[in-house]
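Participant: The structure that follows is given in the form of structure tokens.
The values are calculated or read from the model by the stated rules, or taken from the named source; none is laboratory data. From a predicted model like this one, the values you see are computed outputs, not experimental measurements. Cβ placement follows ideal geometry from the backbone for every residue including glycine, while neighbour counts extend to all protein chains displayed.
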Ligand code: AP5
Ligand code: ZN
């Protein structure tokens with residue numbers, strides 16, 4: 001299975017990606033996680049993208065497209081993969097079309113801006129694995145510690161409120177047009193285009209998980 005999880009920052013893409021990837025035995029390709037790893041390692045790529053990410057802007061399409069093409073060529077992607085946070089612009093989506101990457105599903109998780117601000121303010125992450133928690137909605141078993149490794153959870157640099165507002169505005173400008181892009185493609189070429197599913201992202205993590213799995217298996 002090859003699918004895209006589409007949605008605003010904080011919509012719950014990373015949270016749901018974990019469940020979907022486990023269920024279908026496919027790798028999660030999160031461009032955000034890949035870039036954060038590069039920043040942490042201080043690689044050339046990391047140095048190039050650090051300031052952009054901390055300000056909530058988008059990294060250039062050229063860099064992202066090259067990164068993703070390289071990643072999907074690796075052996076663990078042979079049976080499918082899940083894109084989390086990619087594509088994020090029309091040129092990124094077009095690049096996949098032009099490369100002949102066949103996708104089965106696009107799942108949009110729809111959440112309004114007010115809810116997103118609340119979610120991102122309370123988010124805590126395990127930096128090495130990308131596992132996501134929320135102080136109130138999805139707390140770890142032990143306060144401040146990752147459930148699997150017991151290591152310390154951190155707050156993401158770009159989850160400050162002013163940066164969150166910028167990320168939301170970038171989302172509305174650059175990424176939201178992908179909703180119409182994939183919806184229209186699915187209507188016009190149902191066999192060739194990925195099937196489009198819209199899930200209302202308000203409800204518990206488990207509620208949403210059920211709806212996503214149902215959309216993919218139903
Ligand atoms: P990226 O890492 O992709 O960030 P994002 O899209 O802003 O999304 P988030 O990771 O913030 O949110 P999410 O939807 O995964 O939500 P989560 O599950 O964590 O990108 C970061 C940066 O990298 C970008 O700003 C850009 O600079 C760069 N970048 C990445 N990809 C790029 C690309 N393709 N092109 C260009 N630049 C790129 O959940 C959020 C919180 O809510 C958590 O605390 C969670 O526990 C909680 N939560 C989840 N579900 C629920 C629920 N149902 N109810 C209550 N709380 C919930
Ligand atoms: Zn994420």
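Participant: Quick check on the stretch 10-35: of everything there that is over 13 Å from residue 85 (Cα atoms) and in contact (Cβ under 8 Å) with a residue 60 or more places away in the chain, which residue is nearest to ligand 1 (Cβ to nearest atom)?
Facilitator: It comes out as 18.
Participant: Would you list the helices (runs of 4 or more DSSP H) that sit entirely within the stretch 133-218 and hold 3 or more residues that are closer than 19 Å to residue 108 by Cβ and in contact with a strand residue (DSSP E or B) (Cβ under 8 Å, 6 or more places away or on another chain)?
Facilitator: Result: 177-188, 205-217.
Participant: Sticking with this one: Which residue is nearest to residue 150 (Cα to Cα), if the candidates are limited to the stretch 89-131 and must be touching a strand residue (DSSP E or B) at 6+ places or on another chain (Cβ under 9 Å) and part of a loop (DSSP other than H, G, I, E, B)?
Facilitator: 127
Participant: Another question about this same structure. Kindly provide the set of residues from the stretch 1-57 that are within 16 Å of ligand 2 (Cβ to nearest atom), crowded, with 19+ Cβ neighbours inside 10 Å and part of a loop (DSSP other than H, G, I, E, B), ordered by number.
Facilitator: Hits for the stretch 1-57 are 7, 8, 9, 10, 11, 12, 56.
Participant: Can you confirm whether the stretch 37-45 contains a residue that is within 27 Å of residue 189 (Cβ to Cβ), without any contact (Cβ under 8 Å) to a residue 60 or more places away in the chain and within 11 Å of ligand 1 (Cβ to nearest atom)?
Facilitator: No, the stretch 37-45 has no match at all.
Participant: Given the condition over 22 Å from residue 126 (Cβ atoms) and at pLDDT 95 or above, answer yes or no: does some residue in the stretch 34-44 qualify?
Facilitator: Checked the stretch 34-44: at least one residue is over 22 Å from residue 126 (Cβ atoms) and at pLDDT 95 or above.
Participant: Scan the stretch 68-82 and give yes if some residue there is within 30 Å of residue 204 (Cβ to Cβ), within 13 Å of ligand 2 (Cβ to nearest atom), touching a residue at least 24 places away in the same chain (Cβ under 8 Å) and touching a helix residue (DSSP H, G or I) at 6+ places or on another chain (Cβ under 8 Å), otherwise no.
Facilitator: Taking every residue of the stretch 68-82 in turn, at least one turns out to be within 30 Å of residue 204 (Cβ to Cβ), within 13 Å of ligand 2 (Cβ to nearest atom), touching a residue at least 24 places away in the same chain (Cβ under 8 Å) and touching a helix residue (DSSP H, G or I) at 6+ places or on another chain (Cβ under 8 Å).
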